[in-house]
Amino acid sequence: MNKFFNPLVISFSSLYLIGLAFSLLSWPGASIMMLLGCVGIALGSIIYDGIMKRNLGRCALHLGFAAGLFTILSRLYYWDNSVIYAFVSILLFALGLYKAEEKHSKLACWVTALVVTIGVLLNAVPSCYIYQFIHYYVSDEQEIDEDNSYWIHNKYSFFLAMNGDYDKALHYIDASYKCAERYSYSSFDMPKEVVLKKIEENRKCIEKRDLTNFDVHL
């Protein structure tokens, strides 16, 4: 790999990994750092490899890497069209290998293949399991209850219901309500009674097995 470009990829990949760590710790700014990491790798590849060096193979390989990282980001934040992003990452990776004008670094190929594969596999994992890992395995459920983080239980109940686990969804929507009851009035972005009412309405959505009007963003 070109010595000029390699530090660029490493720098933006490092930014992405920092953002990923922030995401697992539920710290603010995670998605922005991860997105900037993807954009930085993609733009750097287009400008340097594509425009300046006219190296389509290397450009496509880096774009496939960036697309794979973006696919992972889209699944961690439950954005739409993640399947499309995964498909694009596969195509770009394959194009990078096919159009190679020079022998790619084995490490670069393996890392890109790993990132693309993780992105593809995450699309096969239900959102409730991804959410559970981030918020209930990385964190402790007792800690969530003690912090009265009602919004975590609320969103988890939504993903559980989407996956058809309605009994468990009811358990967590009730846990969300209990946390919200204990929460300080002054800490809400909306009045406490409004939040409690929305949680009650969300519970009815789960009972009816119709999530059309479920308010995920409390």
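Before moving on, here are some points about what is shown:
- Looking only at the range 4-61, and only at residues there that are open to solvent by 50 Å² or more (accessible area, probe 1.4 Å), within 25 Å of L95 (Cβ to Cβ) and not in a helix (DSSP H, G or I), the one that is modelled with the lowest pLDDT: F4
Let's see how each residue does on (1) surrounded by 16 or more Cβ atoms within 10 Å (Cβ to Cβ); (2) aromatic (F, W, Y); (3) modelled with pLDDT under 95:
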| position | (1), (2), (3) |
| --- | --- |
| I72 | yes, no, no |
| Y78 | no, yes, yes |
| L95 | yes, no, yes |
| K99 | no, no, yes |
| K103 | no, no, yes |
| K106 | no, no, yes |
| W110 | no, yes, yes |
| L122 | yes, no, no |
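Residues are listed down the side, and each one gets a yes or a no for (1) of a type in the set (D, E, K, R); (2) free of Cβ contacts under 8 Å to residues at least 40 places away in the same chain; (3) open to solvent by 40 Å² or more (accessible area, probe 1.4 Å); (4) out of contact with any Cys (no Cβ under 9 Å at 6 or more places or on another chain):
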| residue | (1), (2), (3), (4) |
| --- | --- |
| N163 | no, yes, yes, no |
| Y172 | no, yes, no, yes |
| R182 | yes, yes, yes, yes |
| D189 | yes, yes, yes, yes |
| E193 | yes, yes, yes, yes |
| F214 | no, no, no, no |
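- Test for L92: is it more than 17 Å from V116 (Cα to Cα), of a type in the set (A, V, I, L, M) and not in a loop (DSSP other than H, G, I, E, B): no
- Of the residues making up the range 125-147, those that are modelled with pLDDT of 85 or more and either over 16 Å from L76 (Cα atoms) or not in a helix (DSSP H, G or I) (or both) are V125, P126.
- Within the range 127-140, the set of residues being free of Cβ contacts under 8 Å to residues at least 24 places away in the same chain and open to solvent by less than 60 Å² (accessible area, probe 1.4 Å) comprises just one member, Y136.
- Single match in K155, K178 (criterion: part of a helix (DSSP H, G or I), open to solvent by 20 Å² or more (accessible area, probe 1.4 Å), touching a residue at least 60 places away in the same chain (Cβ under 8 Å) and of a type outside the set (A, V, I, L, M, F, W, C)): K155
The values are calculated or read from the model by the stated rules, or taken from the named source; none is laboratory data. Note that the structure is a prediction, hence the values are computed from the model and not measured. FYI the Cβ positions are ideal-geometry reconstructions off the backbone, even for glycines, and counts take in every protein chain you see. These area figures cover heavy atoms from the full protein model, side chains too; ligands, DNA and RNA do not enter into them. Shrake-Rupley method; radii C 1.70, N 1.55, O 1.52, S 1.80 Å.
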